[in-house]
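Below: one structure, written as structure tokens.
Laboratory data are not the source of any read-out in this text; all were calculated from the coordinates shown. Note that the structure is predicted; figures quoted are calculated from it, not measured. No Cβ is skipped: glycine too gets one built from the backbone with ideal geometry, and neighbour counts run over all protein chains shown.
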Ligand SMILES: [Zn+2]
């Protein structure tokens, strides 16, 4: 039995160590789709060997790293079930894994996550005073969402990016600064380039919080998206929301995906309360998301 340690307390170091351990134990393909500004890898794994792909990603926002813990826990549970030949929340993985591949980037913003978890100590000294200023002179970074250049990675994609820019701060900030241009940051560019190469059937982007699922963008989602959204809601108990009401522009990853490919894309907001969510919520979040995650492939076999 692989020791996951406390499954919820997952920073970049823990993610790297645990993925490495899983790769050693199972035949697991790990690759980096790019590096963050400070050189941390955007680790990405592939579960299954099917020709149809689904792309999952999490921790776009520094103080939402519990989403990476959920995805890591899922990777572990999937591999364990597949090896045992056990049903996985009622799903026959042995069969499904030959039909559908799940590509997963648990942590899109490893620098931001590190800043929230460790503060300025783990950040190279030349960045510290600038970050402190962008954080309004506060040493506590728990509300930080952006990457290390103060760019909000979920306002970086080419879905009404300009609106997101106009409606947000025009300078680096803890959140909502869309950057100087779409995909200006290495993290968002890596995710977009990987998506363009993979052209998945569907994408799922994990955020927190709210226990809701956003499933549409400017009514451009295909008819199948509504059906899948209903299933995801049934499996998780999360509430469906068509478009983000505060669509102050967008720049969001799932919005770009829907707009660009007219394929289903979803943002899932886990947990309730103020980010970073308390670790005690993990069990509830896992119970809600495990069946949802287990069934994703069944929509495309
Ligand atoms: Zn978020």
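Points worth noting:
- Using 0.36 nm per residue and subtracting the Cα-Cα separation, the extra length available between residue 226 and residue 126 on full extension is 31.2 nm.
- 0 to 90° range, to nearest 10: angle between helix 186-198 axis and the chain longest Cα axis: 30
- Contact order normalised by residue count of the chain, Cα under 8 Å, 6+ apart, percent: 21
- Shown for 105, 239, 67, 195: other C-beta atoms within 10 Å of each C-beta, ranked fewest to most, produce the order 239, 195, 105, 67.
- Directionally averaged shadow of the range 86-180, computed from the convex hull of its alpha-carbon atoms, nm²: 9.4
- In terms of its Cα atoms, the chain spans 53, 43, 34 Å along the principal axes, sorted from long to short.
- For the chain, a Gaussian network of Cα nodes joined below 10 Å ranks 276, 223, 200 by mean-square fluctuation, and the top entry is 223.
- Once the Cα-Cα distance is subtracted from the 0.36 nm per residue extended length, the residue 35 to residue 133 segment shows a gain of 32.8 nm.
- Counting only DSSP beta bridges with both residues in the chain, the antiparallel share comes to about 40 percent.
- Sites residue 240 and residue 87 - FRET efficiency at Förster radius 25 Å, r taken between beta-carbons, to 0.05: 0.40
- Rh (Kirkwood; distinct C-alpha pairs) - the range 151-192, Å: 9.8
- Evaluated at q = 0.13, 0.16 Å⁻¹: base-10 log I(q)/I(0), Debye formula over Cα of the range 23-102: -0.46, -0.68
- Per-bin percent of Cα-Cα distances, the range 112-153 [10 Å]: 32, 65, 3
- Length gained when the stretch residue 279-residue 26 is fully extended (0.36 nm per residue, less Cα-Cα span): 88.3 nm
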